[in-house]
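Student: My questions all concern the structure below.
Readers should treat all values here as calculations from the given coordinates under stated rules, not as data from a laboratory. The structure presented is a predicted model; accordingly, all values stated were derived computationally and were not measured. Methodologically, a virtual Cβ is constructed for each residue, glycine included, from the backbone with ideal geometry; neighbour enumeration extends over all protein chains shown.
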Amino acid sequence: MKVLLLSRYGPLGASSRVRFLQYLPYFESQGIEVRVKPLLSDAYVKALYNGCFCLHEVLQGYTTRILAMLTARYFDVVIIEKELFPFMPAIAERILKFTRVPYVVDYDDALFHRYDCHPNHWVRRLLGKKIDTVMRHAKCVIAGNQYLADRAKKAGAPKVEIIPTVVDTDRYQPRPRSNPNELTVGWIGTPKTSRYLQPLLPVFASLKQKFSVRFVAVGANHEDFEGTPVDVWPWSEDSEVASVQQFDIGIMPLVDSPWERGKCGYKLIQYMACGLPVVASPVGVNREIVKDGENGFLADSVDDWAEALTTILKANLSQIKNFGNKGRKLVVNRYSLQAQASRFCAVVKEAKN
């Protein structure tokens, strides 16, 4: 069986890496040959993380995508990450539908809100229903959570499967605390998403006065946290697991808006796979992943965050380990590559028929 994967990014793009690329060895073991054709290059991703926009990379990516589309008829199934051409009507997806090449489309965020909630009237008018069209013409829509699945069903998708974002629990393993005399509260993400930490900086400063604790942001920009209680560590694919393993507590603050409700809680899954207690905003799928008081805490207001972090910082080693063990068990059973690979493979095989 031959599959054409039209991902948004290459290995540097987190969504493409965790939603697709980590599954490729399993697909190969099942006799599925996957050809990967990303839309945007790693050079584009690097520029994006540095706050730049590379028009020539976008134009080159669109040209490459058109050429890849011309080869689609030689494959049994096409997998699309989100959409074929951002900020263009769903013409390419319609063409794919009418050429009888079945496609599966995957969503790990509320991309439809980029269009239907866009501040520009003409974008909302021309593209507000674009993703609904893409979903409706797909053989199957894979959604990372219930919020996204509900949108796909409302759009008229013929089949919807919920496959959460996962980690490889053979890679993400708990390890002994690196410094028993100081706890590390950690966050991992990108420069763009580190803005969610800003409202909590006064809480961090206050807690540093009361406890032997440090705060770490992996993947953030140093400039954004100069003069704050937060230490910034660099991110790389090779070091991300080791970075999380140095945390004692993992955090995922969010604001409650339509876009954030579509997120898939990947940070929480990374933390919990490493046996960490977590604190998260009660937004979207976070409510499902965090069992409040069992594997961590949900915290809404700034005061809630201070209280939740204080509770864990005051806990003894046995209590912290108990939180972490429950979180690890949940990830192994539901949010692991090992638990979901066969389901993803089955969806793709079924789309061929």
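Student: With the Cα gyration tensor of segment 169-326 in hand, give its eigenvalues times 5 under a square root as the equivalent ellipsoid semi-axes, listed largest first in whole angstrom.
Tutor: Working from the Cα gyration tensor, I get semi-axes of 19, 18, 17 Å.
Student: Could you compute the FRET efficiency for Phe87 and Val255, with r as their C-beta to C-beta distance and R0 at 25 Å, rounded to 0.05?
Tutor: Efficiency, from the Cβ-Cβ distance: 0.55.
Student: Bin all alpha-carbon pair distances of segment 154-208 at 10 Å intervals from 0 and give each bin's fraction as a whole percent.
Tutor: Distribution as computed: 13, 27, 31, 19, 9, 2 percent.
Student: Tell me the relative contact order for the chain as a rounded percent, counting alpha carbon contacts under 8 Å between residues six or more apart.
Tutor: Contact order relative to length: 14 percent.
Student: Grab the other residues whose beta carbon is less than 9 angstrom from that of Thr133, score K and R as +1, D and E as -1, and report the net.
Tutor: Surrounding charge for Thr133 is +2.
Student: Between Leu317 and Ser236, how high is the FRET efficiency from 1/(1 + (r/R0)^6) when r is the Cβ-Cβ distance and R₀ = 22 Å? Nearest 0.05.
Tutor: 0.15
Student: Further, regarding this structure: If you count, for each residue, the other Cβ atoms within 10 Å and average over each peptide, how do 92-98, 12-18 line up from highest to lowest?
Tutor: Descending mean neighbour count gives 12-18, 92-98.
Student: Right, another one. Treating the angle as unsigned and between 0 and 90°, give the value, to the nearest 10°, between the Cα long axis of helix 201-210 and the longest Cα principal axis of the chain.
Tutor: The angle comes out at about 30 degrees.
Student: If you take the Cα Rg of segment 1-96 and divide it by 2.2 N^0.38 Å, with N the number of residues, what do you get?
Tutor: 1.10
Student: Neighbour counts of other C-beta atoms within 10 Å: give me Asp292, Asp248 arranged from fewest to most.
Tutor: Asp292, Asp248
Student: Here's something else I'd like to know. Provide Rg and Dmax in Å for segment 285-353, with only Cα atoms included in the calculation.
Tutor: Just the Cα atoms of segment 285-353 yield Rg and Dmax of 17.1, 56 Å.
Student: I would also like to ask the following. Suppose R0 equals 45 Å; then what is the FRET efficiency for Asp224 and Arg100 from their Cβ-Cβ distance, rounded to the nearest 0.05?
Tutor: The value I calculate is 0.35.
Student: Just to confirm a number: summing +1 for Lys and Arg and -1 for Asp and Glu over residues other than Asp76 whose beta-carbon lies under 10 angstrom from that of Asp76, what do you get?
Tutor: Once all neighbours under 10 Å are counted, the net charge is +2.
Student: Quick one: helix 55-69 against the long Cα principal axis of the chain, what's the angle to the nearest 10°, folded into 0 to 90?
Tutor: So the helix axis and the longest Cα principal axis differ by about 50 degrees.
Student: A further question on this structure: Compute a Gaussian network model of the chain, connecting alpha carbons closer than 10 Å, and tell me which residue from Leu254, Leu313, Leu67 fluctuates the most.
Tutor: Of Leu254, Leu313, Leu67, the Gaussian network model singles out Leu67 as fluctuating most.
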